[in-house]
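Heads up: the structure comes next, in structure tokens.
Just so you know, all these numbers are worked out from the coordinates, no wet-lab data involved. Here the structure is a predicted model, which is why all the values come from computation and not from measurement. As a convention, Cβ positions derive from the backbone with ideal geometry for all residues, glycine included, and neighbour counts pool all protein chains shown.
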Amino acid sequence: MKKLLALALVAIVSLLPILAMADGELVMGSWRTDDAEQVNALLAKYEELTGTKIRFEPTTSTQYNATLRLQLDNGTGPDLFYSRSYATGDELYLNGFNVVCNDIPGVMENFTDSVRGAWTAADGSVFAVPFAAVSQVIYYNKDIFAEQGIEKLPETWEEFIALCQQLKDAGITPLANGIHDNWDILECVLLGMLPNYFTYEDRVAYESGEKKLNDETWVKVYSDFAQLIPFFPEGFESIGNNDANTYFGLGQAAMLIDGSWSCGTLMKDYDVNMGFMAFPAPAGNKAGLCLHADMGIAGNAASAHPEEVKAFLAWLASPEGAQITADYLPGGFLPIINAPITLQDETINEMAALSEGKNTDVRFIWAKMMDLYTPMVENLNAICRGEQTPQGMADAINALWEEALAK
Amino acid sequence: MTAKTNKIRAFQGGASIKPGGVYWMRYVIPALAFYVVFMAYPMIDSVRLSLYSGTAGTREFVGLANYVRLFTDEVVSKRFWNAFGNNWVFFAWHMLLQNALGILFAAILTNRTMRGRQFYQTLIFIPCTIAVLVTGYLFKLMMNPVWAGTTLKAAGLGFLVRPWLGDRSTALTCVSLVSVWQWVGIPTMMFVAAFQGIDDDLIEAASIEGATPWQQFTLIRIPLIVPVIGMVAIMTFVSNFNAFDVVFSMETLDGAPDYTTDLIGTLFYRYGIAGQHPVGIPEPGVGAAISTSIFFMLLCGVIPVLRTTQGKE
């Protein structure tokens, strides 16, 4: 029954674009049903500027991949569609559904290699225009910092650890984070730290096996990570991401390591007087920031309106277009273009400014090493429980990757 | 018999009331149709699905590859047997504690000198009426040192401040106990009804013969409700092996910490419906292989219990 309903839904959704094509209107597919309001406003603005009407047709995130695939297979795909980064998005390009974006003005010039790489196939074709990114930050409670006489934010990892110790000595829980949810300890904490230790070029070398995942750098990464553990709350084993957000939001912990996407809810749902900072780099390392390529927009190669599709993609890839787009971006999502963008929302603007003058890269494992996701979570949990050493984790992860490369 | 009544009987199918007749067939049709459409067909279709890979649109016949993967792939088989083992522990808690408490409560509630029976009966049954997501979430907060720690310490119960749900040695037990607490009302109700069905003459005769209350309980009342005990055991078995919500609300879909609370239900959901985070591409074929395997394993467990406890009229 459920299947029937789903099929009926898919059928209806697949038919919609046909109806739309009839009146010369373009359709945009997306997995962000939550953002309809902002995107509709953005598309209205675009229509005002260019006269091209684009209709936003989002599908629930979990159904999006399958629905889109079915539509494209049947030749009823939307003219423009949100593209997942890396393998999931690439798969559609490999089936010939995407407009190749290399010739679209701005695509090759206005994005960094690592950002564009998220939507670049093995043959060098760019299959979508990068649209928005997310990052990880350390939120801090300004009131607690003021009470403790902390005026200067830590500039190095060592200062950050000293600051945590100072707070702990004063009887305050320094960090609200826990390990119960099995994702935030990796996605928010460890992957957020990494760009402080190496660059995009190093990542490529690790992916190819040229550099080993158990070299000195990685042991240092895991050792630095392990330094955080004493500063988690008592019973952090049972603290999930929501618990951590609430704990910080209620002012019971001085800091919270979380994604930029939490910024909106933290500001809206709690009275906490908060600020945020990037992960400080260890002394001697150049600071970096994880700016994760999350949303891209692709053109349908079979669209009945190829010119309009290309025009829209070129607009997205231009600094002017990106500036207007940025005004409509949903909270916590950052513009990804390599051009100065001013954001209307002061807090988000401040967040976007964190990347200035830093190496940026996407999440380390997202490009090629997704198979390491679960082993990394498991090993980080073990480190937190005192059952694994930094060296042991580095060796375990390296062994898995060598095995994967050998295949 | 007049011709008229004969006609009516024939119309009602009465003409074929004789051993071996099929007059009852028409009465079964609605239930049978319902069963076929909503139970048998999806079940058989899920067996079929387990022979395919991919999702809607990209489905491909792969024979028994999903089963081979389920039982030989290092990671998948480890998760499967882990969830299978956890499920037995989860079931053991329900069988030994929930159902034993059910019998105990029912024996107390049906005691002739018991006062306020309705009140206690309601009290025991109330948790069953609350959504699992709600009770699970409340217990999750209560068992979390961050939220309950201050209160417990103030009450001098500092030794209770532990990450119960985050510690591998206690997580599954805590989840099981919450589920036991919530559902103990169901077996209690069934046993109350069973005890009430026992003829008072038997008990009276036994007490006249000098049987102690304990002897009456173990030698008369318990043997008489064996069919109900068997039924309750089967219900517990089936519902425990289909459990999902209590783990979902108290732990995570991964069966945190470290898969110690992973049950067949959560494993099936991860593989078959949601896909592994963060890629999130489900493998309905593997999910169907999990559910099909479990279906046959359950069948092997249910049939002997049914045979030994039921049908002895």
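Observations on the model:
- Karplus (6.51, -1.76, 1.60) ³J(HN,Hα), θ = phi - 60°, over region B:131-138, in Hz, Gly and Pro reported as x: 4, 4, 4, 6, 4, x, 5, 4
- Mean sequence separation of contacting Cα pairs (under 8 Å, at least six apart), scaled by the length of region A:10-168, corresponds to a relative contact order of 18 percent.
- Part-to-part distance (alpha-carbon centres) for region A:53-70 and region A:190-241, which is given in Å: 35
- Cα centroid separation, region A:302-336 to region B:248-308: 42 Å.
- Along each principal axis, Cα extent of chain A, largest first, Å: 69, 51, 50
- Share, in percent, of DSSP beta bridges within the protein assembly as shown that are antiparallel, nearest 5: 65
- Longest to shortest principal axis, alpha-carbon extents of region B:75-309, angstrom: 71, 52, 26
- With K and R counted +1 and D and E -1, the other residues having a Cβ less than 10 Å from that of A:Ser114 yield a net charge of -1.
- Sequence-separation-based contact order of region B:75-309, relative, with Cα cut under 8 Å and 6+ spacing, percent: 26
- Antiparallel DSSP beta bridges within chain A, as percent of all bridges there, nearest 5: 65
- Packing, taken as the mean count of other beta carbons within 10 Å per residue, orders the peptides B:205-217, A:178-190 from highest to lowest as A:178-190, B:205-217.
- Residue-averaged beta-carbon neighbours from other chains (10 angstrom radius) around A:230-236: 4
- 5 angstrom amide H check on A:Val27, placed H, neighbours 5+ away: A:Arg55, A:Asp79, A:Leu80
- Rounded to the nearest whole Hz, the Karplus-based 3J(HN,Hα) values (6.51 cos²θ - 1.76 cosθ + 1.60, θ = phi - 60°) of region A:285-300 follow the sequence 8, 7, 5, x, 9, 7, 10, 8, 5, 10, 10, x, 10, 10, x, 7, with x at glycine and proline.
- Unsatisfied cross-links (Cα-Cα over 22 Å) in the set A:Lys212/A:Lys358; A:Lys220/A:Lys358; A:Lys142/B:Lys140: A:Lys212/A:Lys358; A:Lys142/B:Lys140
- For A:Leu175, the residues 5 or more places off, or on other chains, whose built amide H falls under 5 Å of its own are A:Ala254, A:Met255.
- Nearest 10 degrees, 0 to 90: helix A:216-226 Cα axis against chain A principal axis: 70
- For A:Ile336, net neighbour charge (Lys/Arg +1, Asp/Glu -1) across residues whose Cβ lies under 11 Å away: 0
- Chain A - mean residue ellipticity at 222 nm from DSSP helices (-39,500 (n - 2.57) per run, n ≥ 4, rounded to 500): -13000 deg cm²/dmol
- Mean residue ellipticity at 222 nm, helices only, chain B: -18000 deg cm²/dmol; runs of at least 4 DSSP H residues each add -39,500 (n - 2.57), and the sum is divided by the number of residues.
- Binned Cα-Cα distances of the protein assembly as shown, short to long, each 10 Å bin given as a whole percent: 3, 12, 19, 21, 19, 12, 7, 4, 2, 1, 0
- With N as its number of residues, region B:40-86 has a Cα radius of gyration that, divided by 2.2 N^0.38 Å, comes to 1.31.
- 11 Å beta-carbon shell around A:Tyr197, net charge (K/R +1, D/E -1): -2
- Pairwise centroid distance, computed over Cα atoms, of region A:124-156 with region B:186-210, Å: 69
- Ellipsoid semi-axes for region A:122-222, based on the Cα gyration tensor and the rule √(5λ), read 33, 18, 14 Å when sorted largest first.
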